[in-house]
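A short worksheet on the structure shown next.
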Amino acid sequence: MTYQRRNAELRRAVKTLVNDKLAQGSLEQIKLTRGEVFIVKAGALEHPLPRLNNRMVILSPFDNSVIQRERLKVLFDYDYQIECYVPAARRQYGYFCLPLLYRDAFVGRMDCKAHRKDRRLKIKSLYFEQQGLDEDQIVKAFIDAIKGFCLFQECDSVFLQAVYPIRLGQGLCSALTLSIGDTP
Amino acid sequence: MATIGVKGSQELARLRCLALVAQGLMHAQPFGRDCREHGKRLTISVMCKSILFRSAIALSWRFFAQGRDLSTPQC
């Protein structure tokens, strides 16, 4: 709640409030098997949850859900860092990678650049990382997401430079050609 | 204060969902939060229900009031 807030007074006040609510029982602590502690509204884990959506969401690198790197690692097993501040030689995924959320998992990331003059979206690298998910479903969800993304970026075509795992490349290229209407 | 230990992957999955719901991403529209969209849908739904409810009241009023003189008390 007070992540990256430097106001010590505010941090203290929030801590006191949270402790009070924990003592009252309106909040409860959830301890994960690895030892990390999360605080949630009492009984929140028992409530029915919304139905999972099969759409893929291309997130901003500054989205609130990804700014806390440690929490993201613990909860989602997803190590994400925007690398525009990382020296080029040390970059692992690319200058401006965008996280990809599918259902309740971060399944990959995409480094891309919109060439506004040519109305062309260049996907410099696309990574799908989660094992055990249906690849066809993920590819389909990605194609749907990228169509919307192109509209949003005012691009008429997509150029896919690299995809990992490589086996997904051909399927993705042909699907993108059919969907967006240009030769990747 | 009580601490609940999360044992299974099911609970972890629920915790993930809670985290995504808290960020407005569970029913997210692409490239953003769905709050505005959801709000629009909710408003339209409430408006439709309200119009339907009013129409039903008006129709039933007309139906039951037919042939009666509403200006005088009924016996």
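Just so you know, all these numbers are worked out from the coordinates, no wet-lab data involved. In this text the structure is predicted, and so the values were computed from the model without any measurement. Here the Cβ is made from the backbone with ideal geometry for all residues, glycine too, and neighbour counts use every protein chain on show.
Quick rundown of the values:
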quantity: Cβ-placed point charges (K, R +1; D, E -1), dipole of chain A about Cα centre in debye, nearest 20; calculated: 620
quantity: Chain A: calculated mean residue ellipticity at 222 nm from DSSP helix runs of at least 4, using -39500 (n - 2.57); calculated: -10000 deg cm²/dmol
quantity: Span-rule helices in chain A, defined as complete DSSP H runs reaching 18 Å or more along the axis (Cα) with Kyte mean at least -1.0; calculated: A:8-24, A:135-153
quantity: Backbone N within segment A:58-91 under 17 Å of label point (7 Å from A:LYS113 Cα along the Cβ vector); calculated: A:83-91
quantity: Rg over Rh [alpha-carbon atoms, Kirkwood Rh] for segment A:98-184; calculated: 0.94
quantity: Convex hull projection area averaged over all views, chain A, Cα basis, nm²; calculated: 13.7
quantity: Principal axes of segment A:64-110: Cα extent on each, largest first, Å; calculated: 31, 19, 16
quantity: Straight-distance crosslink candidates among aspartates and glutamates, where the alpha carbon sits under 18 Å from A:LYS73 and sequence neighbours closer than 8 are dropped; calculated: A:GLU36, A:ASP63, A:GLU83, A:ASP104, A:GLU129, B:GLU11
quantity: Exposure proxy ranking, count of Cβ atoms within 10 Å, fewest first, for A:THR16, A:THR177; calculated: A:THR16, A:THR177
quantity: Listed residue (A:LEU151, A:PRO61, A:ALA44) projecting farthest to the positive dipole end of chain A, Cβ model; calculated: A:PRO61
quantity: Virtual spin-label span in nm between A:CYS173 and A:SER125, 7 Å along Cα→Cβ; calculated: 1.9
quantity: Paramagnetic reach from A:GLU36 (point 7 Å along Cα→Cβ, amide N under 19 Å) across segment A:83-109; calculated: A:99-109
quantity: Footprinting exposure proxy for A:GLU70, A:GLU83 (fewest neighbouring C-beta atoms within 10 Å first); calculated: A:GLU70, A:GLU83
quantity: Ranked A:PHE159, A:PHE152, B:PHE63, criterion: other C-beta atoms within 10 Å, fewest first; calculated: B:PHE63, A:PHE152, A:PHE159
